[in-house]
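First comes the structure, then the notes that go with it.
Each reported figure results from applying straightforward, stated rules to the coordinates on display, with no laboratory input. Note that this is a predicted model, so its numbers are computed, not measured. Neighbour counts are summed over all protein chains in view; Cβ atoms, including those assigned to glycine, are modelled from backbone coordinates with ideal geometry.
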Amino acid sequence: MTMLHRQKWARKFINAPGAILVASMAWIVAAQAADCPRKGTLGTSRILRVDAAATPRVGLKNFSQTLPLADHEVVLTFDDGPWPPTTPRVLAALAHECVHATFFLIGKPASEHPDLVRRIAAEGHTIGNHTWLHRSLMQIKPSETTDEIDHGIAAVEMALHGVATSTPSTPFFRFPGFETTPATLDLLQSRGIVVFGADLWASDWNPMTPKQELKRLIDRLKIARRGIILLHDPKAHTAAMLPAFLRYLRDNDYRVVHLVPAAPSAGFDGVP
Ligand SMILES: [Zn+2]
């Protein structure tokens, strides 16, 4: 690097204090995640490869089948991000406890916040798809449903890899509001994309305090004892509740399972 280049490089960063702050925050979280597993943290207990051929649709709230989870095994899933005010708080809570989750991202915010999409992937989480605008696929014309699905996938792929393809790196999909139709289910199955429902949720789309949400989630988990848990990272009460919930999991011998595709494509950004 020449002196001139060094000066230009320095000026670029002096002119962008926000960029330095964001970069250093990302470094701190990355360093923390790199320390995993750490003694005393919850930790990810195992990786489960999910194959559309074996389990095309999962989640007992919606389908007759779910993932092969043992007693006290849970999968953490977050819908509707990325959302800059709250998604980083969720990421920090997950990194603090050394656990990995799956994020079902909406295409439009993904296209508006590609750095945050890349950060989710860089921190080892799995990224699934949740349409372009989160419209109900039962309420729009069949001719528009494929575009709503594909546009969402393309936005996430563009953020992750700079390529607007409708073939997802991670073939995981969740319908907005779980509003499926036979035609859309068939479409996704024909493309080898796993459709995710859920086994339990906190109903965090309703207004509630973090304390209320924590109690509701724990009460439901005590009954279910395992399963795919649905939460929403854009919800401030969920972001506030999450550290206490992860501590509850740790203190009560629950184990977090991290989902990855059965056959990762070249573009897959999750854990190896
Ligand atoms: Zn949603």
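Could you sort the peptides 227-239, 94-106, 247-259 by per-residue average Cβ neighbour count (10 Å cutoff), highest mean leading?
Listed from highest to lowest mean packing, they are 94-106, 227-239, 247-259.
For residue 78, enumerate residues with amide H under 5 Å from its amide H, sequence gap 5+ or separate chain, H modeled in the peptide plane.
Amide H to amide H, under 5 Å and 5 or more residues apart or across chains, residue 78 pairs with 102, 103, 104, 231.
So how far apart, in nm, are the two label points at residue 161 and residue 220 if each is 7 Å from Cα heading toward Cβ?
Spacing of the two 7 Å Cα→Cβ label points: 3.3 nm.
How large is log10 I(q)/I(0) at q = 0.25, 0.27, 0.28 Å⁻¹ when the Debye formula is applied to the Cα atoms of region 133-180, each weighted equally and without solvent?
Treating every Cα as an identical point scatterer, log10 I(q)/I(0) equals -0.92, -1.01, -1.04.
Go through 39/235; 61/235; 108/141 and tell me which ones have a Cα-Cα distance over 25 Å in this structure.
Among 39/235; 61/235; 108/141, the Cα-Cα distance tops 25 Å for 39/235.
Applying a 10 Å radius around every beta-carbon, put 78-84, 202-208, 164-170 in order of their mean neighbour count, most first.
The densest-packed peptide leads the list: 78-84, 164-170, 202-208.
With r as the distance between the Cβ atoms of residue 72 and residue 211 and R0 = 35 Å, compute the FRET efficiency 1/(1 + (r/R0)^6) and round to 0.05.
For residue 211 and residue 72, the calculated efficiency is 0.90.
Please compute the Cα-Cα pair-distance distribution of region 61-183 with 5 Å bins starting at 0, giving whole percents from short to long.
2, 11, 21, 22, 19, 14, 8, 3, 0
Along each of its three principal axes, how wide is the spread of alpha-carbon positions in region 82-139, in whole angstrom units, largest first?
40, 20, 17
What nm value, rounded to one decimal, do you get for the distance between residue 54 and residue 253 when each label is placed 7 Å out toward the C-beta?
So the label points at residue 54 and residue 253 sit 2.6 nm apart.
For region 195-240, what number results from the quotient of the Cα radius of gyration and 2.2 N^0.38 Å?
1.11
Starting from the Cα coordinates of region 115-272, work out the convex hull volume and express it per residue in Å³.
Considering the Cα atoms of region 115-272, their hull volume per residue is 131 Å³.
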